[in-house]
Each structure stands twice: as structure tokens, then as C-alpha cells.
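Q: To start, I am sharing the structure in question, which I have written as C-alpha cells.
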Amino acid sequence: MTESAENSNENRNIDFLYEIGSLKNIPRIWQQIMGAKTANNIEHSFRVMMIALMLARLEGKGSEEKIMKMALFHDMCESRSVDIAFLHKEYVDRKEEKSQKDQLAGTVFEGDIEDLLNEYKERESIESKIVKDADNLECDLELRELEKAGSATATKLIKTHRSNVADKLFTDSAKKLWYKIYEQDPDAWHTELNRAWVRSDKFNK
């Protein structure tokens with residue numbers, strides 16, 4: 001048993017589980033800008049974690065366990081501090097550090113996860129760089145999905161903003177994936193299989 005587990009409070013552990021469940025009710029802030037439904041916090045964090053694990057394997061660097069934990073928790077405190085865009089940062093003090101500390105206080109995650117999130121913010125370790133790259137790439141994937149669905153705002157953001165993000169990615173693997181995201185059809189994963197199925201003798205059965 002870890003020290004944080006020994007010191008945790010059962011009620012606070014359950015509180016935390018209910019609190020993170022509420023994240024499914026919090027839309028990410030760019031739904032305001034897009035004018036279309038976008039991923040909620042939980043959906044975003046899940047794909048960030050998968051991208052981060054992919055980058056870790058492509059790079060052959062970093063601790064996969066550490067990367068997955070960091071990705072899973074990177075936006076968790078937004079149940080209290082919410083998600084904000086660059087526009088809102090001009091006016092809002094999110095008190096992100098306080099919300100992060102208070103959210104984890106008394107739970108089995110107090111201490112080590114706080115240290116992990118502080119490491120993420122510093123962007124010094126390879127794990128923190130991989131997770132930040134994954135966070136950015138997830139936004140690009142969703143922008144492509146929104147563009148495919150007909151969002152003119154997504155198309156504009158891709159042209160005017162996202163190319164600047166590509167230059168700021170930390171890892172070579174993330175940069176390669178960024179270009180592939182914009183080259184590849186978001187529907188490619190299933191359309192070829194569908195075509196093959198229709199061409200086969202299974203179609204009318």
C-alpha cells in the first residue's frame with residue numbers, strides 16, 4: 001500500500017469519483033467558438049491518453065505508465081476551474097493550481113499526482129513534452145472531424161492558427177502525425193472496408 005493510500009479518506013475517494021463523472025457534463029470551451037457540438041472533457045482526455053501512448057512508442061522514449069497517468073489527469077481539475085480559450089485568459093484567473101490541489105486533497109491521488117501535474121506544466125521532461133504534443137494533436141483531430149462535418153469555423157482555424165501550433169510541437173513523431181492528420185480523410189478508417197464489403201458477395205445476404 002502506498003503512503004497516499006494509507007492517508008486517504010474513503011469519503012474523499014468517493015467524492016473524487018463522482019466529481020470526475022461530472023466532467024462529461026462540461027463541454028470544452030471551443031464549443032462556444034465553433035457553434036457546434038465538440039468533445040467533452042472526458043472524451044478529450046481519453047484520446048489525448050491514446051495519442052500520448054502512441055507518441056511514446058513512436059519516439060521510443062519515456063515511461064508509458066507515467067505518460068498515461070499524466071495524460072489522464074492533465075485536465076481533470078477543470079471540473080472546478082473549467083476549460084478556457086486564449087480569449088478568456090485575458091480576463092479570467094482560473095486558480096488552476098488551487099483547484100488541482102483541492103480536488104486531490106484527501107484522496108489516494110494526493111501527492112504523487114500533484115507532482116506529476118506540476119512536472120507536466122514545467123515541460124522539461126520527455127513525458128511532459130509527449131503529453132503536451134498529444135493534447136495539441138487531439139485538437140487537430142477534432143478540427144479535421146468538424147471540418148469534414150462542414151464547419152467553416154474549423155476550416156478557418158486550420159488555415160489561420162493550427163500551422164503555428166505545428167511549429168511548436170516538441171517531438172518529431174508528433175510533427176509527422178500532425179501532417180498526416182491534415183492529409184488523411186477522417187473517414188478513411190472505415191470507408192475502404194465498406195467499399196470492399198459492398199463489392200463482395202456478402203452485400204445482398
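Q: I'm trying to understand the selection: among the residues of region 111-157, which are touching a helix residue (DSSP H, G or I) at 6+ places or on another chain (Cβ under 7 Å) and assigned to a loop (DSSP other than H, G, I, E, B)? Reasoning before the result, please.
A: First pass over region 111-157, keeping only residues touching a helix residue (DSSP H, G or I) at 6+ places or on another chain (Cβ under 7 Å): 111-114, 116-117, 119-120, 122-123, 125, 127-128, 130-131, 133-138, 140-141, 143-144, 146-147, 151, 153-155, 157.
Across region 111-157, the qualifying residues are Gly111, Arg123, Ser125, Ser151.
Q: Restricting to region 65-91, name every residue that is in contact (Cβ under 8 Å) with a residue 12 or more places away in the chain and not hydrophobic (A, V, I, L, M, F, W, C).
A: Within region 65-91, Lys66, Lys69, His74, Asp75, Glu78, Ser79, Arg80, Ser81, Asp83, His88 qualify.
Q: Looking at Lys180, Lys129, can you tell me which residue is of a type in the set (Lys, Arg) and either under 30 Å from Phe16 (Cβ atoms) or in contact (Cβ under 8 Å) with a residue 12 or more places away in the chain (or both)?
A: Answer to the check: Lys129.
Q: Being part of a helix (DSSP H, G or I) and without any contact (Cβ under 8 Å) to a residue 40 or more places away in the chain is the filter; apply it to region 162-175 and report the residue that is surrounded by the most Cβ atoms within 10 Å (Cβ to Cβ).
A: If we take residues in region 162-175 being part of a helix (DSSP H, G or I) and without any contact (Cβ under 8 Å) to a residue 40 or more places away in the chain, then Arg162 is surrounded by the most Cβ atoms within 10 Å (Cβ to Cβ).
Q: Criterion first (at pLDDT below 90, within 20 Å of Ala52 (Cα to Cα) and charged (D, E, K, R)) does Arg80 satisfy it?
A: Spelling it out, it is not the case that Arg80 is at pLDDT below 90, within 20 Å of Ala52 (Cα to Cα) and charged (D, E, K, R).
Q: Now for a different question. Would you say Asn25 is touching a strand residue (DSSP E or B) at 6+ places or on another chain (Cβ under 8 Å), free of Cβ contacts under 8 Å to residues at least 40 places away in the same chain and closer than 29 Å to Thr171 by Cα?
A: Taking the combined requirement at face value, the residue does not satisfy it.
Q: Now for a different question. Quick one: in region 1-23, which of the residues that are over 30 Å from Ala152 (Cβ atoms), of a type in the set (A, V, I, L, M, F, W, C) and in a helix (DSSP H, G or I) is modelled with the lowest pLDDT?
A: Pass one, region 1-23, residues over 30 Å from Ala152 (Cβ atoms): 1-22.
Adding the requirement that they be of a type in the set (A, V, I, L, M, F, W, C) leaves 1, 5, 14, 16-17, 20.
Still in the list and also in a helix (DSSP H, G or I): 5, 14, 16-17, 20.
Details: Ala5: 62, Ile14: 96, Phe16: 96, Leu17: 97, Ile20: 95.
Result: Ala5.
Conditions (1) under 22 Å from Ala85 (Cβ atoms); (2) at pLDDT below 95; (3) of a type in the set (Val, Ile, Thr); (4) over 18 Å from the mean Cα position of the chain (by Cα), marked per residue:
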site: Glu110; (1), (2), (3), (4): no, yes, no, yes
site: Leu116; (1), (2), (3), (4): no, no, no, no
site: Glu127; (1), (2), (3), (4): no, no, no, no
site: Ile130; (1), (2), (3), (4): no, no, yes, no
site: Asp135; (1), (2), (3), (4): yes, no, no, no
site: Cys139; (1), (2), (3), (4): yes, yes, no, no
site: Leu143; (1), (2), (3), (4): yes, yes, no, no
site: Thr153; (1), (2), (3), (4): yes, yes, yes, yes
site: Ser163; (1), (2), (3), (4): yes, yes, no, yes
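Q: Filter region 24-33 down to residues that are surrounded by fewer than 18 Cβ atoms within 10 Å (Cβ to Cβ) and assigned to a helix (DSSP H, G or I), then give me how many there are.
A: Number of matching residues: 5.
Q: Please determine whether any residue of region 185-195 is in a helix (DSSP H, G or I) and either at pLDDT 95 or above or closer than 28 Å to Ser125 by Cβ (or both).
A: Of all residues in region 185-195, those in a helix (DSSP H, G or I) come to 188-195.
Subsequent filtering for residues that are either at pLDDT 95 or above or closer than 28 Å to Ser125 by Cβ (or both) retains none.
Scanning region 185-195, I find no residue that is in a helix (DSSP H, G or I) and either at pLDDT 95 or above or closer than 28 Å to Ser125 by Cβ (or both), so the answer is no.
Q: Taking the conditions exactly as written (surrounded by 15 or more Cβ atoms within 10 Å (Cβ to Cβ), more than 15 Å from the chain's Cα centre (by Cα) and not in a loop (DSSP other than H, G, I, E, B)), does Arg57 satisfy them or not?
A: no
Q: Residue check: is Arg94 assigned to a loop (DSSP other than H, G, I, E, B), without any contact (Cβ under 8 Å) to a residue 24 or more places away in the chain and closer than 23 Å to Glu43 by Cβ?
A: yes
The values are calculated or read from the model by the stated rules, or taken from the named source; none is laboratory data. Everything quoted here is computed from the prediction, not taken from an experiment. Reconstructed Cβ throughout: ideal geometry from the backbone, glycine too, with neighbour counts over all protein chains shown.
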